[in-house]
Amino acid sequence: MDEEIRDLPMDLRVIERRQQIEAWIDAGHGSCVLREPVAAAVVQSALLYFDAGRYHLMAWVVMPNHVHVLFQPLPGWTMGQIVASWKKFTARSISASRPPGIGVPGETSNLFWHREYWDRYIRNERHFRQTVQYIHENPVKAGLAAKAEDWRWSSAFSKR
């Protein structure tokens, strides 16, 4: 991938690399631990747990190999603190729930989740609506559901 984009200007290279990675993930490549209902439920429950306590949760979807979350941190909480707590709790919980020999007991968030996360600044109401739609339509785009409302691990499902 890096060879394909190396001749692009740096700003375009960053955008193109991110788009290629998103396409790769959306195609279902990589670890798909979150395809397991127990694992997806752990992540969804973790997202919901501190809603209105640490952040306002606006939209989410748990995909087989990644998660999209739209939230606004509340005063006293940073995005980094919130994401780190989700990663730490869910990595340990999912690892503990898996059969022996699958995964590493006590697995840390750095082994289970990608070290970094992608954040995006929401510029205006239109961008907000587009982002919610992108999140909700992710399972449809990936061929996992016919309609966004059919995907159990999403805020679109919970609004039924």
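I need a count of the residues in the range 49-71 that are within 21 Å of residue 94 (Cβ to Cβ) and outside any strand (DSSP E or B).
The number of residues fulfilling the criteria is 7.
Restricting attention to the range 116-140, report how many residues are in contact (Cβ under 8 Å) with a residue 24 or more places away in the chain and exposed (fewer than 12 other Cβ atoms within 10 Å of the Cβ).
Here the count works out to 2.
Could you identify the single residue in 91, 84, 40 that is in contact with an Asp or Glu (Cβ under 7 Å, 6 or more places away or on another chain) and either at pLDDT 95 or above or part of a helix (DSSP H, G or I) (or both)? Full working, then the answer.
Details: 84 fails: in contact with an Asp or Glu (Cβ under 7 Å, 6 or more places away or on another chain); 40 fails: in contact with an Asp or Glu (Cβ under 7 Å, 6 or more places away or on another chain).
Just a single option satisfies the conditions, and that option is 91.
The values are calculated or read from the model by the stated rules, or taken from the named source; none is laboratory data. Here the structure is a predicted model, which is why all the values come from computation and not from measurement. Using ideal geometry, Cβ is built from the backbone for each residue, glycine included, and neighbour counts are taken over all protein chains shown.
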